[in-house]
1. Averaged over all directions, how much area does the convex hull of the C-alpha atoms of the chain cover when projected, in nm²?
2. Suppose R0 equals 22 Å; then what is the FRET efficiency for VAL213 and ARG181 from their Cβ-Cβ distance, rounded to the nearest 0.05?
3. Of LYS67/LYS109; LYS55/LYS96; LYS55/LYS251, which pairs sit farther than 24 Å apart, going by alpha carbon to alpha carbon?
4. Loop only per DSSP, at most 15 neighbouring Cβ atoms within 10 Å: give me the GluC sites (Glu not before Pro) in the stretch 180-288, ordered by residue number.
5. About the Cα centre, and with charges only on the beta carbon of Lys, Arg (+1) and Asp, Glu (-1), how big is the dipole of the stretch 62-200? Nearest 20 debye, please.
6. Build a GNM of the chain with springs between Cα atoms under 10 Å: which of LEU240, LEU217, LEU130 gets the top mean-square fluctuation?
7. What does the convex hull of the Cα atoms of the stretch 122-206 come to per residue, in Å³, rounded to a whole number?
8. Please report, in debye to the nearest 20, how large the charge dipole of the stretch 190-288 is about its Cα centre when each Lys and Arg carries +1 at its beta carbon and each Asp and Glu carries -1 there.
Amino acid sequence: MTPLRIVPALVLTASAIWPRAACAADDTLVMGVFPRLNAVETTTRYAPLASYLGKQLDREVRLVTSKDFESFWQGVMERRYDIVQYNQYHYIRSAKDYRVIAHNKEFGKSTVAGVLYVRKDSGITQLTQLRGRTVLFGGGEDAMISYIAPVYLILQAGLRKDEFKSQFAVNPINSVIGVYRKQADAAGSGDGAIEQPLLKNAINTDDLTILAVSEKLLHLPWAVKRTMPAKMRDSIQSALVNLGNSEAGQKILKSAVMTGIGKAEDKDYDPHRRMVRAVMGSAEPALR
């Protein structure tokens, strides 16, 4: 396990508790990353990026990790982050306070899609066959790709939310494993999940098949506070987007398990809003 390190232009704060020192002071910028990974792994992946931004902006950038989604979202609601990476649903919920500037590129792709997986021997070949059956979603109801997008597919097929049973796994990989082990009839996850080495090492993925796949959606967003001066916002966007143009930047991207970062603007997330409205009844429902 990689130990925590303090590097130039970076102070690491892992917390659900926010001491005064964890809030931005003077010209310090606080960077938050949503906890799809544990705090140690998040630090390992994103500390080099925070250090790079600090050097580019000539000011301290403080990476703050959270122990869980609840504490992370509390930080978003209280506008504790100056720079934040989170999922698409998080951005939609916080767009009044944050402005999107960029998006992840992972495994060479700028987009990601929601997918419903089933066992090949399940006999399920149509979405309507999920009526009365159990669907195991990766994450919670705020998971854009592994819950909202797959549920949208089911609703588009004519089913109501009360016509199938929803259960939740810790993450998208576990939801697929659960279906493989016949703990549910279908799994809500992301495209490419079935190709993940972690999954291939755990199960025989040849026994699974895709029941339905959503339209491609722009990947995870990077956003900054709307109160941030335009010049600084543009500098952060430029620094992120240009990472792939240098050998040092490519190493930073590799550390974060990204293949690049592209520009993004609010309208890019309108397709996500359409799905959220259909599934939640509003583009801005309250997160748990």
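1. For the chain, averaging the hull's shadow over all directions gives 14.9 nm².
2. 0.50
3. Result: LYS67/LYS109; LYS55/LYS96 exceed 24 Å.
4. Numbers: sites: GLU195, GLU215, GLU247, GLU265; in loops: GLU215, GLU265.
Those satisfying the criteria are GLU215, GLU265.
5. Details: 19 positive and 14 negative charges, 26 e Å.
Computed about the Cα centre, the dipole is about 120 debye.
6. Between LEU240, LEU217, LEU130, it is LEU130 that shows the largest mean-square fluctuation.
7. Each residue corresponds to 88 Å³ of Cα convex hull volume.
8. Values: 14 positive and 12 negative charges, 111 e Å.
Computed charge dipole of the stretch 190-288: roughly 540 debye.
None of the figures in this text is laboratory data; all of them are computed from the coordinates on show. Model, not experiment: these values are computed from the prediction. Using ideal geometry, Cβ is built from the backbone for each residue, glycine included, and neighbour counts are taken over all protein chains shown.
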